[in-house]
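The values are calculated or read from the model by the stated rules, or taken from the named source; none is laboratory data. Just so it is clear, the structure is predicted and the values come from calculations on it, not from any experiment. Neighbour counts are summed over all protein chains in view; Cβ atoms, including those assigned to glycine, are modelled from backbone coordinates with ideal geometry. Just the protein is used for accessible areas: all its heavy atoms, side chains included, with ligands, DNA and RNA removed. Shrake-Rupley method; radii C 1.70, N 1.55, O 1.52, S 1.80 Å.
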Amino acid sequence: MSKTYSSNYLNGIFMLLIIFLGSCSSVPKTEKVTVSGRQILVNGSPYLIKGICYHPVPKGSEKRDLGNLTQDIAIMEEAGINTIRIYEPIDDVVVLDQLKTAGIKVIIGFGYNQKGFYDIRSGSFIDYVNKYKDHDAILFWELGNEYNYHPEWFNGDVKNWYYAMDNAAELIHKNDLSHPVATAHGELPDSLALSLSKNIDVWGMNVYRFDDPSAIFSEWSAISPKPMYLSEAGGDSYMTITKDGYEAGNNQKAQADANTSILNAVFNNTDICSGVTLFSFTDGWWKAGNPETQDPGGWAPNSTGVPYDGTPNEEFWGMVDIDRKKKETFYEIKKIYTGLTHPKRK
């Protein structure tokens, strides 16, 4: 038996359909991060990285622990931090949601051999990309951390790393059209690194040139048109020797002065540099000795440029100490980060 619908009934259905479709179109879409020239763009607007390296390890441990995340986010928000750089993926959507709510984006680092935990060697990194590529906390993906200093990890030939890195970047591009791919390179990449890394969109550089990295920006400009940022830079709060007017021993002023100078150099060159993830958020007692105590010493490649003593005291790099007490450098970082708005372009 057929039915004849009135025009009022049909008009009502039509209006409901319009309302439904309108409500669907208002649902926020995943943010898109792209590169254009030397700029990193989020939804088409320039993005300036006001960042910190984040790898919190509690006293007595050697493993990352995010148990203080809520407190840490509050400290980051006060300091004006908009980006954290992590050295291994965060496989927890609740954590990513918390960072997103705070307006903090994440640079997700993938290692080469992390015993199969979302690493490049096993290929499982792409599972993480596909799992989280629609999450708005993600700024971009980053492959490796200054592996160019460690050819011994790649059968004595650093080219093996560059091949693996570039292949991984190509695979990410095939699976995720909404985020660039970066690497964190130790210092300025040479012609070999650049020639074998065509699929890298953004170059992070771990740079320790005392308290003034300014020269690297013109050096980069001369060899590449791509975006770059300082994936590590900064000073520690322990002086092994008395030098340049800074007394030996715990010395927060030396760290504060060095970080102020470094940050000023970065943000005076935003026509080339897209920002910095300063090293680091908290002191790491696990790096140089007994993880139950804070010990001077440690070692890092190409680190003779650490201000001001030329020595990387690996357990003293935090802008806060391991108990989250703010050091002098925190207030200098806050002053600079909160005073910035958008990239300056010449």
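Observations on the model:
- Helical runs (DSSP H, four residues minimum) scored at -39500 (n - 2.57) apiece and divided by the length of the chain put the mean residue ellipticity at 222 nm at -9500 deg cm²/dmol.
- In sequence order, the stretch 296-302 has phi-based couplings of x, x, x, 8, 8, x, 6 Hz under the Karplus curve 6.51 cos²θ - 1.76 cosθ + 1.60, θ = phi - 60°, and Gly or Pro positions carry x.
- In this rough spin-label picture, where each label sits 7 Å from Cα along the Cβ direction, the residue 71-residue 250 distance is 1.7 nm.
- The chain: relative contact order as a whole-number percent, Cα under 8 Å and 6+ apart: 18
- Given charges at beta-carbon only (K, R positive; D, E negative), |dipole| of the stretch 154-276 in Debye: 200
- Kyte-Doolittle at least -0.5, axis length at least 18 Å by Cα - qualifying DSSP helices, the chain: 7-25, 252-267
- In percent, rounded to a whole number, the relative contact order of the stretch 161-217 is 39, using alpha-carbon pairs under 8 Å and six or more apart.
- Simple point charges give the picture: +1 on the Cβ of Lys and Arg, -1 on the Cβ of Asp and Glu, and for the stretch 194-346 a dipole about the Cα centre of about 740 debye.
- Cross-link check: pairs 59/325; 159/226; 63/334; 287/334 evaluated at a Cα-Cα cut-off of 19 Å; pairs beyond the cut-off: 159/226; 63/334; 287/334.
- Most mobile of 139, 263, 66 in a GNM of the chain (Cα contacts under 10 Å): 66
- Working from Cα pairs under 8 Å separated by at least six residues, relative contact order for the stretch 162-256 is 22 percent.
- Charge-dipole axis of the stretch 220-310 as Lys and Arg at +1 and Asp and Glu at -1 on Cβ define it, positive-most pick from 299, 282, 224: 224
- For the chain, the solvent-accessible area works out to 45 Å² per residue, with a probe of 1.4 Å and every protein chain left in place.
- Accessible surface of the chain, 1.4 Å probe, proportion on carbon and sulfur as whole %: 52
- By the rule of a C-alpha distance below 18 Å, with chain neighbours fewer than 8 residues away ignored, the lysines paired with residue 133 are 29, 32, 100, 105, 174.
- With a simple spin-label model that places each label point 7 Å from the Cα along the Cα-to-Cβ direction, the separation between residue 167 and residue 222 comes to 3.5 nm.
- Stretch gain in nm, segment residue 155-residue 299, where the contour uses 0.36 nm per residue and the Cα spacing is subtracted: 49.6 nm
- Using a simple spin-label model with pseudo-atoms 7 Å out from Cα toward Cβ, residue 174 and residue 115 lie 3.0 nm apart.
- Estimated dipole of the stretch 41-119 in Debye, rounded to 20 [Cβ of Lys and Arg +1, of Asp and Glu -1, Cα centre]: 180
- Sequence-distant residues sharing a close amide H with residue 146 (under 5 Å, placed H): 184, 185, 186
- Within the chain, antiparallel bridges make up roughly 25 percent of the DSSP beta bridges whose residues both belong there.
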